[in-house]
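Note sheet for the following structure.
Derivation of every value follows stated rules applied to the coordinates shown; laboratory data play no part. Note that the structure is predicted; figures quoted are calculated from it, not measured. Neighbour counts run over all protein chains shown; Cβ positions are idealised from the backbone, glycine included.
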Amino acid sequence: MNSRDVAPQPLLNITPSGARYESVIDLERARAAHLPLHTERTEITADGNTAAAIASLQMWRCMIYPGFPITPSTKWIETVAAYVASTPGTPKRVKLLEAEHAVADYMVGAAAACRDLIFVTATSSVGLDHMTETTRSLGASGLGNVMIINVYRATANFPLCIEGDPSDTLAHRDDGFIQIVARGKQQIYDTVLQAPCLGMHPDVLTPTMPGYYGIKSSHRNARLVLEPDAAIGAFQDRWMAPCPLPGLINGDTAFGNCVTSRYFQGFKVAQKRRLERALELLPQVGADFERTFGRPGLAFFDAVGWPEKGEVDLAVVSMGPDFGTFEALRDAWAREHGMSVAGLAIRLLTPFPREAVREKLRRARAVLVVNQAHHAGRGHLTLDVADALNGLPVVPPIVSAFAGIGGADVSEATWEAMLDSGRRSLAGETLPPYQVFHEGRSL
Amino acid sequence: MSGYKETATHDSCFRPGSTLCPGCMESVAFQNLGRVTDNGVKTIFTIGTSCGEVSTLAYPNVVAWGRGDAPPEMFGKSFSIIHNVFESAPTLAEAVRDVSDVLTGCGALERPVQVVAMSGDGGAFAIGLRGLLHTIYRRSRITMMVLVNEFFANTGFQYSPAATPFSDTSTTPAGKAIPGNMQKPLDYVHLAMAAGADLVAQISPAYGKLFVKTMEKSLSLKGTAVVFVPAPCISGWKYDDGQTLELALLGARCGIFPTFVWERGQGGSVKDCPREATERPRIEEFLGMQRRFAHLVERDRETGAIRARAGQEAHLENLRGWVQENVERLYALGELKK
Ligand SMILES: Cc1ncc(C[n+]2csc(CCOP(=O)(O)OP(=O)(O)O)c2C)c(N)n1
Ligand code: SF4
């Protein structure tokens with residue numbers, strides 16, 4: 001080939017964030033250095049933390065894994081460390097820091113250094129709280145190549161509870177992350193593979209926080225299908241073009257400047273717009289995933305029991321693995337009570353998919369919202385649902401329930417008691433603003 | 001390594017446009033370090049929340065950093081800077097170093113990168129001591145420059161763990177009951193050595209040649225270099241215009257912050273600050289130039305000499321005792337080889 005046939009490569013791109021040197025980092029070398037974990041589709045049995053760790057390891061863009069242990073997320077870093085320790089020639093490294101705050105700080109520096117690599121960690125509860133100062137910075141940073149896997153566990157140490165409720169993730173709604181809930185090992189694995197596609201999209205550039213319930217999802221085994229690394233890479237490549245903005249290594253740039261109130265709001269508006277753009281892109285990423293791998297991809301929620309058209313008597317809104325118990329008893333309970341009952345298990349927590357939730361719930365005569373985390377008022381999800389329904393000509397009554405706080409069992413009897421509250425509301429009974437349910441009754 | 005004169009002609013990455021106080025030692029340190037890092041290697045700075053940060057990275061003011069208008073093929077002139085939170089500059093720098101190493105390891109990055117973390121003494125010794133020591137402990141190949149102005153200057157001159165005893169700060173105000181800061185400074189030099197740094201220095205840019213040489217050496221090391229830079233602060237120390245360098249030299253010579261350079265395996269030495277107090281300038285000379293010690297010393301109208309205020313003699317003696325301890329401690333640290 002004549003050298004004149006080669007289009008001249010721009011050496012330098014000037015972007016609003018500074019100059020970017022095109023050829024300084026050769027990502028293809030990083031890709032080539034990746035040692036695939038799987039070359040063909042493989043079926044294993046794994047717990048949730050292992051599923052998340054394998055997904056993290058299969059991405060060639062993940063080269064450094066910063067971490068700090070905390071129950072119930074610890075097995076994620078242990079699994080990654082075991083792989084790195086037993087794989088000669090892998091370019092991957094584990095980075096053990098002195099605290100979660102340092103992990104989050106480290107991810108800022110690393111993700112800013114190279115915006116085309118993905119930096120992922122896993123944490124829980126007070127570990128996430130300990131990161132807070134920096135997660136708030138990260139959320140606003142434009143560093144969509146950061147992913148914090150949040151293994152849900154009750155926050156607060158008075159009293160200390162190491163089991164899974166989503167109070168940690170719900171306390172971080174305003175950090176600026178895209179928060180996605182997964183239930184089931186397969187969904188955990190698939191979500192970790194898709195989340196950075198959304199976060200690193202040039203219109204979004206927002207870090208992601210996929211999460212799943214501690215113990216109930218993190219520690220229990222189930223069947224899991226693993227995809228070949230090459231197929232994962234090809235899927236992600238469709239969503240992850242090299243970042244158009246300069247990083248610390250391949251650019252002349254300044255991150256994290258300070259501003260006065262006169263300018264601060266402008267930055268915040270841009271941050272909010274990027275976050276909201278995720279609402280448009282998430283279904284597209286999910287659809288592409290489904291086309292590629294034949295399993296449902298990212299979605300706003302899992303919908304069960306909704307007829308094609310028309311109303312349902314009672315809609316249940318919740319999230320996490322306990323929704324599975326509701327799914328199992330829904331049909332029988334509905335038949336027994338002569339009612340139609342449908343449900344939404346929320347998958348996208350932040351930004352909350354208001355419009356999509358409204359379109360579903362406007363078809364319900366009453367809505368039962370099941371919250372699983374301590375809240376100062378009627379429940380985080382309840383407020384989100386109320387906000388989504390706001391403005392409808394007829395707003396269905398919302399029954400607000402709490403169950404499973406601190407990872408407590410949400411038994412069939414508890415579900416039946418909560419559904420019964422929904423039924424009573426439908427029958428015109430006035431219920432208290434919220435009720436806490438446990439072992440089949442309202443406390 | 002280039003000579004001092006040659007370094008002075010280098011293109012500093014510290015540019016016009018900062019709003020640091022005129023006479024701030026931090027700008028002298030930035031200017032010198034900025035020149036030293038113009039050595040053909042891509043430079044990345046991380047900086048904690050501090051005067052140095054808010055005065056150089058304020059939007060929409062110009063960013064007071066960068067290396068001018070070098071053409072793109074001169075990647076060695078490329079410069080980037082990042083601020084995250086108050087305490088995180090060392091951790092960020094370590095991360096940048098690791099990413100460049102991992103990319104280099106797989107052949108994805110062929111050009112070298114040098115990484116410098118900059119913190120104030122509040123960022124390094126108070127809120128960020130854990131991060132500072134752990135990054136040193138992990139032997140990260142970075143240079144850390146800690147600007148020690150003995151205050152949280154950015155937030156209004158509050159006490160920091162580097163404050164000289166009896167200094168007046170806004171949270172240890174000198175009053176009739178309490179004569180300013182009653183706490184001895186943290187032994188940060190020793191801590192950095194014990195944590196595992198390969199080079200530890202306390203040196204002011206007022207010692208131009210040695211400062212440049214120490215910085216050059218720091219950047220060339222395989223391990224962590226920690227350079228503490230005593231940084232007279234015109235607004236907080238409250239001295240007159242034009243006295244910054246004089247105070248920096250006097251403070252070093254009288255034993256408040258002696259110049260000290262130590263390398264693992266070789267040991268170190270105190271420079272320009274004799275062990276014997278009688279051979280050093282009197283601390284009163286240093287104290288008398290600053291109004292943060294005005295409750296402690298005054299100028300004798302007749303002789304012009306600085307002396308303890310009436311009733312403050314014991315405090316001054318106490319301070320003199322700490323200064324001697326400080327000098328002897330650094331001499332002793334210099335004896336350590338590793
Ligand atoms: C977590 C946190 N606490 C408090 C502050 C407020 N703050 C900002 S800068 C600063 C002092 C900085 O002191 P130092 O590191 O010594 O730098 P200097 O301003 O003296 O240069 C403080 C207390 C903050 N930014 N973050
Ligand atoms: S307050 Fe002190 S440290 Fe801050 S810019 Fe002014 S002189 Fe420098």
Practice item. Mind telling me which of the residues A:438, A:374 ends up being buried (at least 17 other Cβ atoms within 10 Å of the Cβ) and under 23 Å from the mean Cα position of the chain (by Cα)? Key: A:374
Check your understanding: Mind checking which residues of region A:246-278 are more than 9 Å from chain B (Cβ to nearest Cβ) and either assigned to a loop (DSSP other than H, G, I, E, B) or touching a helix residue (DSSP H, G or I) at 6+ places or on another chain (Cβ under 8 Å) (or both)?
Key -> A:268, A:271, A:278
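Return the only residue of B:284, B:317 being without any contact (Cβ under 8 Å) to a residue 40 or more places away in the chain, closer than 24 Å to residue B:178 by Cβ and surrounded by 15 or more Cβ atoms within 10 Å (Cβ to Cβ).
Result: B:284 is the single residue among B:284, B:317 that is without any contact (Cβ under 8 Å) to a residue 40 or more places away in the chain, closer than 24 Å to residue B:178 by Cβ and surrounded by 15 or more Cβ atoms within 10 Å (Cβ to Cβ).
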Check your understanding: Out of (1) hydrophobic (A, V, I, L, M, F, W, C); (2) within 30 Å of residue A:111 (Cα to Cα); (3) surrounded by fewer than 21 Cβ atoms within 10 Å (Cβ to Cβ), what's the single condition that is false for residue A:328?
Key -> (2)
Study note, to complete from the structure: Only one of (1) within 16 Å of ligand 2 (Cβ to nearest atom); (2) more than 9 Å from chain A (Cβ to nearest Cβ); (3) under 25 Å from residue A:137 (Cβ atoms) does not apply to residue B:27, and that is (3)
Review point. Do we find that residue B:131 is without any contact (Cβ under 8 Å) to a residue 12 or more places away in the chain, away from ligand 2 (no atom under 16 Å from the Cβ) and small (Gly, Ala, Ser) in this structure?
Key: no
Review point. Being under 18 Å from the mean Cα position of the chain (by Cα), within 16 Å of ligand 2 (Cβ to nearest atom) and among the β-branched types (Val, Ile, Thr), is that true of even one residue in region B:120-127?
Key: no
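If I go through region B:69-118 residue by residue, how many of them are hydrophobic (A, V, I, L, M, F, W, C) and facing another protein chain (nearest Cβ under 8 Å)?
Summing the residues that are hydrophobic (A, V, I, L, M, F, W, C) and facing another protein chain (nearest Cβ under 8 Å) in region B:69-118 gives 16.
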Check your understanding: If you scan region B:7-27, which residues turn out to be within 16 Å of ligand 1 (Cβ to nearest atom), part of a loop (DSSP other than H, G, I, E, B) and closer than 18 Å to residue B:68 by Cα?
Key -> B:18
Review point. Taking region B:233-247 as the search range and keeping residues that are out of contact with any strand residue (DSSP E or B) (no Cβ under 8 Å at 6 or more places or on another chain) and within 12 Å of ligand 1 (Cβ to nearest atom), which one is farthest from residue B:296 (Cα to Cα)?
Key: B:235
Point to revise | Residue satisfying all of: in region A:414-443; in a helix (DSSP H, G or I) and hydrophobic (A, V, I, L, M, F, W, C); nearest to residue A:380 (Cα to Cα) among these | key: A:418
Practice item. Would you check if there is a residue in region B:47-56 being surrounded by fewer than 21 Cβ atoms within 10 Å (Cβ to Cβ) and away from ligand 1 (no atom under 11 Å from the Cβ)? Key: no
Check your understanding: Just to be sure, is residue B:43 among the hydroxyl-bearing types (Ser, Thr, Tyr), more than 16 Å from ligand 1 (Cβ to nearest atom) and closer than 22 Å to residue B:141 by Cα?
Key -> yes
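Listed here are the residues, each with its yes/no results for (1) crowded, with 16+ Cβ neighbours inside 10 Å; (2) facing chain B (nearest Cβ under 7 Å); (3) more than 22 Å from residue B:137 (Cβ to Cβ).
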site: A:69; (1), (2), (3): yes, no, no
site: A:72; (1), (2), (3): yes, no, yes
site: A:102; (1), (2), (3): yes, yes, no
site: A:113; (1), (2), (3): yes, yes, no
Practice item. Any chance you could count how many residues in region B:141-174 are more than 16 Å from ligand 2 (Cβ to nearest atom) and touching a residue at least 12 places away in the same chain (Cβ under 8 Å)? Key: 9
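Under 17 Å from the mean Cα position of the chain (by Cα), on the phi > 0 side of the Ramachandran plot and buried (at least 24 other Cβ atoms within 10 Å of the Cβ) - does that describe any residue in region B:143-150?
There is at least one residue in region B:143-150 that is under 17 Å from the mean Cα position of the chain (by Cα), on the phi > 0 side of the Ramachandran plot and buried (at least 24 other Cβ atoms within 10 Å of the Cβ).
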